[in-house]
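Have a look at the structure below before the remarks.
The values are calculated or read from the model by the stated rules, or taken from the named source; none is laboratory data. What you see is a predicted model, and the numbers here were worked out from it, not measured in a lab. Neighbour counts are summed over all protein chains in view; Cβ atoms, including those assigned to glycine, are modelled from backbone coordinates with ideal geometry.
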Amino acid sequence: MVTRVLTVSILAGLLAGLIVAALQHVTTTPLILKAETYEAALRLQAPTLASFDGQAKLILAHGAAGDGAGHDHAEWKPQDGFQRTLLTSAVTIATAIGFAALLLAGMIAAGDAIDERRALIWAACGFLAFGLVPATGLAPELPGAASAALEQRQLWWVLAALATAGGLFAFLRFEQPWVRALAIVALLVPHLIGAPHPAAPESKVPAEIAAHFAALSLAIQAALWLATGFAVGKLWPWASRRVAVAG
Amino acid sequence: MNTASVSTTQLSVSERVKAVAAALVIGVALIYTTGFAASSNVHNAAHDTRHGLAFPCH
């Protein structure tokens, strides 16, 4: 069964990842590239931002435009164009394989039958837990946006994802009122704690682009989850039949 | 629908535990690497995907 989990995760992730990588190439990535031009412009004004204080930090992860061409910058990064697209696609596929494995882990642990419809429902909940709900605290960001320290945001993101996943599962699978009450508490806790935010928004990326990006990136993650769920729901019965025939 | 569904409860408990553990390890390791690893090389390679899928990024 471990082999089946591996096979189905990899195949489903590959399929879903390829589709979504193609979608990213024409939706989110062009906006990221556009935002980087604003970020590069901001870099030129960086000294004026030295007065930043508290936990808010403007983190410019990228050099100014033309950085790769001559500036001594030891850090490796993919070259724009083919290499960057290839790496982005590979990473998206790896993420899809990870989502597929988590989906299978949840469904097998819950003792669910794995078919198209159930896998899609799990995938929709996966998107709620790993996409939509964490995004209510930490909206999808373009490069150049001001944000609180990365570790704190990652920590909150993980807390929100786990609490939402656990809360959804408990609420949907148990009927005892006290379990459901606890589930609602779990769903609310990350938001009562509150996501870390910068003291002052300082992004120079136009709000229209940022808003468009936020909507697109959530839609892309939803597509990734649903495509992964669909592929898992199709491939698991197929892999199981193969095992049955072989065994 | 029924022909396609394969219940996972029919399998032995130890098989299921192993499968869940394997899936969890793979899933967490992959998501950590693609979405969270702090190494700047990994970050730069994964950059567009992290932003594109709404993971916290730099």
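The table for this structure:
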{"item": "Candidate set from segment A:123-178 (those that are among the β-branched types (V, I, T) and in the same structural domain as A:E39 (by TED's automatic domain parsing)); member that is surrounded by the fewest Cβ atoms within 10 Å (Cβ to Cβ)", "result": "A:T136"}
{"item": "Residues that are part of a helix (DSSP H, G or I) and more than 7 Å from every other protein chain (Cβ to nearest Cβ), drawn from segment B:49-58", "result": "B:R50"}
{"item": "Selected residue (criterion: surrounded by the fewest Cβ atoms within 10 Å (Cβ to Cβ)) from residues of segment B:20-48 that are more than 13 Å from the chain's Cα centre (by Cα) and within 7 Å of chain A (Cβ to nearest Cβ)", "result": "B:N41"}
{"item": "Test: residue in segment A:109-120 that is buried (at least 16 other Cβ atoms within 10 Å of the Cβ), touching an Asp or Glu at 6+ places or on another chain (Cβ under 7 Å) and either within 27 Å of A:L159 (Cα to Cα) or touching a residue at least 24 places away in the same chain (Cβ under 8 Å) (or both)", "result": "yes"}
{"item": "Residue check for A:A35: more than 8 Å from chain B (Cβ to nearest Cβ), without any contact (Cβ under 8 Å) to a residue 40 or more places away in the chain, assigned to a helix (DSSP H, G or I) and not basic (K, R)", "result": "no"}
{"item": "Among the candidates A:A239, A:A219, A:A207, A:A181, residue that is modelled with pLDDT under 95, surrounded by fewer than 17 Cβ atoms within 10 Å (Cβ to Cβ) and among the small types (G, A, S)", "result": "A:A207"}
{"item": "Residues being at the interface with another protein chain (Cβ under 7 Å from one of its Cβ atoms) and not in a helix (DSSP H, G or I) - total across segment B:7-19", "result": "4"}
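Per-residue answers, yes or no, for (1) of a type outside the set (V, I, T); (2) in a loop (DSSP other than H, G, I, E, B):
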{"position": "A:V91", "(1), (2)": "no, no"}
{"position": "A:D112", "(1), (2)": "yes, yes"}
{"position": "A:A123", "(1), (2)": "yes, no"}
{"position": "A:A129", "(1), (2)": "yes, no"}
{"position": "A:A135", "(1), (2)": "yes, no"}
{"position": "A:G144", "(1), (2)": "yes, yes"}
